[in-house]
Amino acid sequence: DAPQKLAEFAEQGGSILALGSSSLTAAAAMSLPVENITPADRASFMVPGALLAQDYDTTAPAAWGMPASWPTWFNNDAAFRLVGEGTSVSQYPAEGNPLVSGYALGAEALNGATNIASFDVGEGDVTIAGGHITFRTWPRASWTVVTNAIYNGAGTELTAEEMAGLFTKAGR
């Protein structure tokens, strides 16, 4: 079962990054303490592809090197509320209309919601982003989150000799 294998991978020290709709799969597979708060009623909430403002916690490892504020692409995606232990890496503004560019009806419903969150899962870690932070040219800044989520994940400390041994094993 694929969701269980994802959970096992993280629990055994792996790093998982789930973007867009895959964030919901990861949240369900690993019982992450989040709930999707994106309104389902399209008569009062419709953001069919717009740039929305978000604020980063630049002290969170996944956001190291990010500006304090950077817009994100949102296409009726997931937006989260943390309901347990985890780190809210980026949030939509707490008040006002978060629309930066495009069309958004009722986007204020996302005020204070989390877009990107990180969690410790067993020996590993999981970072989810409800929005598509790698959509089109937006990775110029937000690609930082992708590389941080992978690079800053769980790992094993090695001595220089152990590292040299790995290269020898690999034929280098």
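Worth a mention:
- Restricting Asp41, Asp57, Asp77 to residues that are more than 20 Å from Asn148 (Cα to Cα) and within 13 Å of the chain's Cα centre (by Cα) narrows the list to Asp77.
- Pair list, Cβ under 8 Å, 6 or more apart: the stretch 18-33 residue more than 12 Å from Gly131 (Cβ to Cβ) and of a type in the set (Gly, Ala, Ser), other residue in a loop (DSSP other than H, G, I, E, B) and modelled with pLDDT of 95 or more: Ala26/Leu32
- So Asp120, is it in contact with a helix residue (DSSP H, G or I) (Cβ under 8 Å, 6 or more places away or on another chain) and modelled with pLDDT of 90 or more: no
Table: residues versus (1) touching an Asp or Glu at 6+ places or on another chain (Cβ under 9 Å); (2) at pLDDT 95 or above; (3) of a type in the set (Ser, Thr, Tyr).
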{"residue": "Glu8", "(1), (2), (3)": "no, no, no"}
{"residue": "Gln12", "(1), (2), (3)": "yes, no, no"}
{"residue": "Ser22", "(1), (2), (3)": "no, no, yes"}
{"residue": "Ala27", "(1), (2), (3)": "yes, yes, no"}
{"residue": "Leu32", "(1), (2), (3)": "no, yes, no"}
{"residue": "Glu35", "(1), (2), (3)": "no, yes, no"}
{"residue": "Ala50", "(1), (2), (3)": "no, no, no"}
{"residue": "Asp55", "(1), (2), (3)": "no, yes, no"}
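- Filtered residues of the stretch 132-143 (kept if more than 29 Å from Pro3 (Cα to Cα), part of a loop (DSSP other than H, G, I, E, B) and either among the acidic types (Asp, Glu) or open to solvent by less than 20 Å² (accessible area, probe 1.4 Å) (or both)): none
- Within this structure, Gly84 passes the test of being over 24 Å from Thr134 (Cβ atoms) and modelled with pLDDT of 95 or more.
The values are calculated or read from the model by the stated rules, or taken from the named source; none is laboratory data. In this text, all values refer to a predicted model and were calculated from it rather than measured experimentally. Methodologically, a virtual Cβ is constructed for each residue, glycine included, from the backbone with ideal geometry; neighbour enumeration extends over all protein chains shown. These area figures cover heavy atoms from the full protein model, side chains too; ligands, DNA and RNA do not enter into them. Shrake-Rupley method; radii C 1.70, N 1.55, O 1.52, S 1.80 Å.
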